[in-house]
Structure formats: structure tokens, C-alpha cells
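This report concerns only the one structure given below.
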């Protein structure tokens, strides 16, 4: 944990010229960490022991579209290394390719992420077209984007299209939230939540689902049950701010990108990785999200998950690697590309875009 | 009396000793089993949440000045969603009770002094 509240905008790894901006260098840093135990830090060996090797997809229930790395924040733990200075963003042509592929399948859920996905010029097109195709749409929202003047109408747009909002808020108080996401972010996030509540999000019977996503602010694992934390957050956010919401997902910080950089700079990497490895849970591994999703990059490249995407590890083992070559029958039973970072999804109760996996 | 010297015990407290806590059962397994079962049950969600119990444990850890417990329950409270403001207040609660416990004995001092003084 840093001793001072971070500046509102940290520089990205790319703008700092850090070698950890490279997925290959991140994987090498993880591989160098000394891990104790019979199977060391070999993820595949843990999978094998759990009877899950090789790890394969079981279908494609979620079509996750990462529209790029542009964001109005630079959170200290961001696995995307997103920020205002990043330029990678999905073009209209690639967005149309996404919708073309989606229209040829019956994949039920479209999960739009980034960066701040709303900053992508094709965001509204993706939402409207996915809805026109009858799919459930999720927006992974950083909340503060809703407080930017040009997005004043965004809550209404999301409500009109019945988009499920999955919003990041690491902590239910300002101190830890601002340490991780930037000074003043908590206050602006609360304002955004009030705007979402005002159009019906989180209100019983509205059908407008509002989910918050919490993650540890430091080198430790989520240590309480999601149900207990949900009750605590509902009570406190209602008591202090009058905010209502539907659910709370608790996720583990993935030791890649800016969180990896922080772990290394603070001397926490080996202890954190060891915790993840020691907490490997076969039940959590069986339910990892990559088995039921396909992740699409801003340029149309296909990945097993958003983390592999940021490590520049496309789908492997001879599978189609781009939307142009999309072939569902092959991809939905593909072998998943794994590595040491995967321990981030299999520790304890498990971790995924939908919270725990057990 | 001289303490054990060298590598065996160059300091009375060491972080690597905390994971060895279960070894305390080596010579009294039944007693240890009862203790650890009871300990585990105490910290489950009950009339108080596990998070509230963890904060109490952190305060007590400071009152009894147990470095193992301070390490363990600092991590446990953070992982249960407490922040640095909240766990600092828990330490102040412990300190206030310890300080107050000293100060309230001043009443005893005053009783004695009043009785024998002019």
C-alpha cells in the first residue's frame, strides 16, 4: 500500500517507457518469482492434479468485447494499462465485424469492456446492435465517466437499452478507493451511482441491474464471503449516501500490468504469488470464466480472456485467431492458453468478471 | 539467566513462527484440537459478522501486544474489506481501554490518599 494518496492521473506503463508494458516481459517477471511447494508455480501441474488438464472451453456463453485502452482514469492496479494517453480503440469496421459474428451465433451475453468502453466512438452502436439482436448487454463502467459533461445523457441511454451496468468500486469508503483509482474518484463515483439510481438502476422491480465490483486495495486476497460483504456494503452505501444496488462481485487482483509493476516496486510480488498458488482451489479452477467466454480485442484478435488479451496471448493451439476467421464449433471447445497469471482466477472462492467462480 | 543463542533463537518473535502455530498440538493433540475447533467457530459469522469479529481481534491483539496476532489480523481485516482509517480506529479503541484502565485506578489512588492525607 502506498503511503500517499496517488495523483489523480498516474502515467501509464507505456508512457513511462516501462518494460512491463510488454506482455512478454510481464510473463518473464512472473516466471522468475520463486514459489515454494510440490508443484511450484506451475499452473498446468496444478490443473493436472485437479483432473482439469488440459483446460478446455465448455462453450461460449459470453462474447466479451474489449473496445480499447482509452480511459479517463489511470488506476494503480489496472490490468489493461489504460489511460487518457492510450490510443488503441476499436474502429467502426471492427465493431461491425463483431456484430456480424454475433448475429451468426446465439451467444446470449455481450460484455463490453475497456478502458472506459463508453469512450469508444462505437460504444452506442455496439449496445444498440447487440440489443437489436436480442442479446443481454453488460457495460463494465468505471463510474466517473458518467460524470463527464459530455456523458450527461449516458445513464438514460443505458437504461433505455436495458444494459446491465457492472461498475468498479474497490471500497465502500473514499480512502482506499482514491488510493487505487485516483484522488476524488470515490466522490465522483458516488455521484455517478446517484445518477444511475435516478434513472432506476438498482431499484427493486426496475429490471435495471446495477452490480458493483470490489477488489483488494493491496497485496492480499478477498477474504470474506461475497454475501457478507454485500450486506455490509448495502447497509453502508444506503446509510451514508442513499445508494441502492443489486449485487457485489468480489474479484482478485491479477498480477499483471500496473498491479504487477506495483507488486515488484513494493517487494510484494513473491509473497502475493505464493498466496495465490497456496490458495489454488480445484473447484474454482473448474469454473474459470475463460471456459465459457470468448474475448475480442480492439483490433478483432481473439483471446481466451481479457487477461490473456493484455498479456498479448491470443487463442492458441491452431485455433482461429481473428474475428475474420471466427468458427464457433472450433472455438467453443478450444484448449485454453494458461500461465502463472491464471492463479489469479483460481485462488480461494475463485475470481472472474462475474465475481467468485464457486 | 541467559537465553538460547545463535540461530535457534536470535529473536523471541519471528514471522516464520506464525505458520507453525498448529505444531503446538504435538504434545497435547486433544487439547489443541479443542482449541482450534473452538477458535474457528468463534470467528464464524454469527450474531456479529466475521468482519466485526476480526476488528475486535485486531484491537485485542494490540491490547495484549501479540505481534503474531497484529500481523494476522491486520491482513484479515483488510481482506474483509476494512480500510486503514477503520483499523486505526480499532487500535485507538484498544489503546483507550488500556489507558482508561490505568486512569480509572486513579480513583483507588485518590481513595487511599484521601483516607490518610490531611
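Read the figures in this text as sums done on the coordinates, not as results from a lab. The model shown is predicted, which means the values in this text are computed figures rather than measured ones. Because the Cβ atoms are built from the backbone with ideal geometry, glycine has one as well, and the counts that use them run over all protein chains shown.
Details
- Using the Cβ-Cβ distance between residue A:45 and residue A:160 with R0 set to 45 Å, the FRET efficiency from 1/(1 + (r/R0)^6) comes to roughly 0.35.
- A Förster distance of 35 Å, applied to the separation of the beta-carbon atoms of residue A:152 and residue A:238, puts the FRET efficiency at 0.90.
- Per-residue mean of foreign Cβ neighbours for A:229-235 is 2 (Cβ atoms of other chains, 10 Å radius).
- On Cα atoms only, tilt of B:84-104 relative to the major axis of chain B in degrees: 40 degrees
- For segment A:61-115: rounded, prolate or oblate by the Cα gyration tensor [a/c cutoff 1.5]: oblate
- Stokes-Einstein translational diffusion, segment B:1-117 - Kirkwood Rh over all Cα pairs, 0.890 mPa s, 25 °C, in µm²/s: 141 µm²/s
- Chain A: most fluctuating residue of A:291, A:258, A:150 per GNM, C-alpha cutoff 10 Å: A:150
- The distance from the alpha carbon centre of segment A:314-358 to that of segment A:59-77 is 15 Å, rounded to a whole number.
- The C-alpha atoms of chain B define a longest principal axis, and helix B:106-116 lies at about 30 degrees to it.
- Taking label points 7 Å from Cα along the Cα-to-Cβ direction, residue B:63 and residue A:358 give a separation of 3.3 nm.
- Label-point gap, in nm, between residue A:206 and residue B:14 - each point 7 angstrom along Cα→Cβ: 5.7 nm
- Across chain A, the relative contact order, built from alpha-carbon pairs under 8 Å that are at least six residues apart, equals 23 percent.
- Segment A:18-87, relative contact order [Cα under 8 Å, separation at least 6], %: 17 percent
- Expressed as a whole percent, the proportion of Cα-Cα pairs in segment A:1-101 lying more than 17 Å apart is 71%.
- D_trans [Stokes-Einstein, Kirkwood Rh over alpha-carbon pairs] for chain A, 4 °C, 1.567 mPa s, µm² s⁻¹: 63 µm²/s
- In nm, spacing of pseudo-spin labels at residue A:58 and residue B:31 (7 Å Cα→C-beta vector): 4.8 nm
- The distance separating the Cα centre of segment A:253-311 from that of segment B:64-118 comes to 41 Å.
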